[in-house]
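Heads up: the structure comes next, in structure tokens.
The values are calculated or read from the model by the stated rules, or taken from the named source; none is laboratory data. For clarity, every value in this text was computed on a predicted model and none was experimentally measured. Note that each Cβ is placed from the backbone with ideal geometry, even for glycine, and that neighbours are counted across all protein chains shown. When the accessible area is computed, the model is the full protein with side chains, heavy atoms only, and any ligands, DNA or RNA have been set aside. Shrake-Rupley method; radii C 1.70, N 1.55, O 1.52, S 1.80 Å.
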Amino acid sequence: MSVWGSAFSKRLRPRSRLKISEWADKYRYIAPGTSPEPGPWRTDRVPYLREPMDVVGDHQTETVVLMWSSQVGKSEMLLNVIGYFADQEPAPQLMLQPTVEAAESFSKERIDPTFRYSPGLKNKLEEGKDGRGSSRKSSTTIRMKHYPGGYLALVGANSPAGLASRPIRIVLADEIDRYGVTKEGDPLKLAFQRATNFHNRKKLLVSTPTISGISKIEEWFLKSDQRRYYVPCPHCGASQTLKWAQVKWERATNGDHLPETAHYECEHCPGKIEDKHKHEMIKAGYWKADKPEIKGIVGFHLNSLYSPWVKLADLATEFVEATKNRDRKGLMEFINLKLGEPWVESQDDLDYEYLHKRREYYDADLPQGVLMLTAGVDTQDDRLEIEIVGWGKGRESWGVQYHVIWGDPGRDQIWRELDEFLNRQWTFEDGTALGITAACVDSGGHYTQEVYEYCKPRETRRIFAVRGKGGQGVPFIGKPTRGNRVGAALFNIGVDSGKANIMSRRKIEDEGPGYCHWPRGGRGYDQDYFKGLLSESLKFTYENGQTRVKWVKVHERNEPLDCRNYATAALEIVNPNFDWLEEQIQNGHVPANNPVATKKRKRVISRGVS
């Protein structure tokens with residue numbers, strides 16, 4: 001038969017009688033170097049994948065949603081779906097990754113080895129040979145895989161131009177919570193438009209979630225029938241879903257956590273469930289929909305407690321580290337990546353009067369525990385507002401002084417007064433003094449040039465110009481640029497992430513990592529300060545088909561919030577080694593670079609930080 005005839009017959013062949021899981025068990029091979037368990041694919045190893053795979057291949061379902069944690073087999077399932085629709089029901093497929101680079105990496109590191117090693121996919125890709133063995137230009141590239149009857153296109157959501165004018169039957173969208181909206185529009189919607197001409201189109205949406213209310217995968221999961229995986233207890237047989245709240249571990253007599261003792265506590269009996277029980281439990285499990293009345297969109301939620309590759313002790317260790325350090329980012333990553341759940345930003349804002357009453361008396365300018373000072377400066381048309389913040393281990397903070405310098409920022413006098421203030425010393429009870437290690441000065445508003453001219457000659461003192469940049473996902477500290485007229489270093493500050501950190505820390509009730517102290521006694525921390533600190537609230541809005549997060553003013557004056565944000569930015573720019581700082585203070589050593597003079601030389605700390 002001719003090459004044309006062979007391809008024509010493959011296009012016309014009837015729909016496969018194999019389910020996707022059956023095809024994978026028969027024809028899929030996990031390539032060496034791509035998995036800790038290479039070899040023939042076995043669905044029995046991850047039984048919870050069977051139903052999601054088979055639903056993708058059924059005739060009734062158009063959209064399948066996987067809101068899953070990491071390390072549960074998402075990528076392997078995607079590869080099984082790709083292989084099935086290349087071998088059994090050849091069709092045009094599209095894989096959408098967050099970036100072009102991610103698409104190319106997945107192509108080279110996962111897809112190419114899968115086609116090379118799997119019995120059902122060997123020699124499927126058109127690699128530049130015609131039927132008579134003659135060479136021609138290959139139609140298969142890193143981002144385009146051609147096989148008889150179809151192709152697989154790989155596109156980055158950050159550059160969706162590759163979606164244009166390309167018919168797609170199978171849309172595979174990976175990590176959709178990492179997609180942005182480009183000038184071409186929403187890449188997910190663009191991908192869906194390419195599939196409208198196929199009556200048997202399929203959409204597989206996969207992601208770990210991010211923040212509740214703006215998470216795309218959460219939004220789609222809530223539209224679905226919301227299936228969860230139930231497993232029987234090995235002791236009493238009662239079915240349940242695995243929840244993090246049921247993971248328990250012991251503590252030592254001194255109160256230290258012992259995550260190596262982690263086990264799962266059955267909801268229905270006192271039996272301890274350990275890692276050794278997991279395989280049989282998962283094998284006997286089943287999916288059950290919370291909303292079976294919803295048709296057409298099937299959703300699956302799964303966390304890493306089900307994973308055969310994840311140990312309870314490892315999860316407990318990660319959780320203990322995140323909570324011990326009050327690490328908001330670490331805890332958020334644990335919730336998103338390990339539990340497959342969206343992070344819920346608390347909206348139970350504190351009352352400013354509560355924080356005002358919570359102030360405390362310091363024995364001196366600086367209480368014990370402060371290891372370094374930073375300053376945040378907010379620029380207004382008729383004044384500069386400054387906060388001096390002390391920092392200790394675990395980023396525990398102490399408000400030291402909130403100060404306002406009145407005057408016209410267009411005149412030199414106000415900047416001379418700022419310089420005198422930032423050159424001040426603040427002392428401990430024993431007379432030991434600290435100076436400012438770093439400061440960030442707001443360059444937004446009407447006096448940008450003046451801020452640059454002030455900061456440029458003072459960069460050796462770590463006084464930097466900053467500019468706030470809003471938007472979800474913008475990093476708190478960006479790389480400095482010098483594109484201004486005087487060549488001053490300018491740091492872009494992700495104000496949304498910075499504000500979220502402040503809002504999270506202000507709610508901590510126990511002294512220690514992340515806790516915020518504020519002083520009594522005429523240092524500028526009056527009720528207006530706390531109104532300003534609590535001046536903005538996180539709100540979710542729906543605009544142009546997109547859910548967006550915004551910080552909305554609830555009090556007119558927000559300078560205290562901005563000053564604390566800039567003082568925190570100064571801390572993160574320096575990125576201090578607090579253990580080293582503590583050692584210097586305890587041993588009375590004078591660091592070699594830029595020592596700060598004090599009246600008593602027995603203990604001195606420098607602006608230079610290891």
Legend entry - Residue count, segment 567-603 (criterion: modelled with pLDDT of 70 or more, part of a loop (DSSP other than H, G, I, E, B) and under 25 Å from Thr481 (Cβ atoms)): 2
Inset, instruction - Say whether the condition of being aromatic (Phe, Trp, Tyr), touching a Pro at 6+ places or on another chain (Cβ under 7 Å) and either assigned to a loop (DSSP other than H, G, I, E, B) or open to solvent by 10 Å² or more (accessible area, probe 1.4 Å) (or both) is met by at least one residue in segment 444-457. - result: yes
Legend entry - Filter result (among the hydrophobic types (A, V, I, L, M, F, W, C), crowded, with 21+ Cβ neighbours inside 10 Å and either closer than 13 Å to Met67 by Cβ or touching a Pro at 6+ places or on another chain (Cβ under 7 Å) (or both)) within segment 205-231: Leu205, Val206, Ile211, Ile217, Trp220, Phe221
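Within segment 101-115, is even one residue assigned to a loop (DSSP other than H, G, I, E, B) and open to solvent by 10 Å² or more (accessible area, probe 1.4 Å)? Outline the logic, then answer.
So the first thing to find is which residues in segment 101-115 are assigned to a loop (DSSP other than H, G, I, E, B), and the list is none.
No, segment 101-115 contains no residue that is assigned to a loop (DSSP other than H, G, I, E, B) and open to solvent by 10 Å² or more (accessible area, probe 1.4 Å).
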Legend entry - All strands (runs of 3 or more DSSP E) inside segment 168-237 with 1 or more residues being at pLDDT 90 or above and under 17 Å from the mean Cα position of the chain (by Cα): 170-174, 202-207
Legend entry - Residue pairs meeting the criteria (Cβ under 7 Å; at least 6 apart or on separate chains; first in contact (Cβ under 8 Å) with a residue 60 or more places away in the chain, in segment 255-271; second surrounded by fewer than 13 Cβ atoms within 10 Å (Cβ to Cβ) and not in a loop (DSSP other than H, G, I, E, B)): His257/Arg251
Legend entry - Conditions (1) surrounded by 17 or more Cβ atoms within 10 Å (Cβ to Cβ); (2) touching a Leu at 6+ places or on another chain (Cβ under 9 Å); (3) closer than 30 Å to Lys553 by Cα: number failed by Lys507: (1)
Legend entry - Selection status of Trp244, modelled with pLDDT under 95 and either under 15 Å from Pro342 (Cβ atoms) or open to solvent by less than 30 Å² (accessible area, probe 1.4 Å) (or both): yes
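Only residues that are without any contact (Cβ under 8 Å) to a residue 60 or more places away in the chain and more than 17 Å from Gly392 (Cβ to Cβ): list them for segment 354-381, please. First the steps, then the outcome.
Let us first name the residues in segment 354-381 that are without any contact (Cβ under 8 Å) to a residue 60 or more places away in the chain, namely 354, 357, 369.
Matches in segment 354-381: Tyr354, Lys357.
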Legend entry - Qualifying residues in segment 383-407 (those that are acidic (Asp, Glu) and modelled with pLDDT of 95 or more) - the one nearest to the chain's Cα centre (by Cα): Glu387
Inset, instruction - For segment 492-521, name all the residues that are closer than 12 Å to Gly471 by Cβ and among the aliphatic types (A, V, I, L, M). - result: Ile493, Val495
Legend entry - Scope segment 28-66; condition open to solvent by less than 10 Å² (accessible area, probe 1.4 Å), within 11 Å of Phe300 (Cβ to Cβ) and out of contact with any Ser or Thr (no Cβ under 7 Å at 6 or more places or on another chain); matching residues: Tyr48, Pro52, Val56, Val64, Leu66
Inset, instruction - Give segment 127-167 a look and list any residue that's open to solvent by 20 Å² or more (accessible area, probe 1.4 Å), among the hydrophobic types (A, V, I, L, M, F, W, C) and modelled with pLDDT of 85 or more, or say none. - result: Ile142, Met144
Inset, instruction - Select from segment 287-331 the residues that are polar (S, T, N, Q) and outside any loop (DSSP other than H, G, I, E, B) and write down the one among them that is surrounded by the fewest Cβ atoms within 10 Å (Cβ to Cβ). - result: Thr323
Inset, instruction - Could you check, for segment 348-371, whether at least one of its residues is within 17 Å of Asp562 (Cβ to Cβ), open to solvent by 10 Å² or more (accessible area, probe 1.4 Å) and at pLDDT below 95? - result: yes
Legend entry - segment 431-477, subset of a type in the set (Asp, Glu) and out of contact with any Asp or Glu (no Cβ under 7 Å at 6 or more places or on another chain), residue nearest to Asp363 (Cα to Cα): Glu459
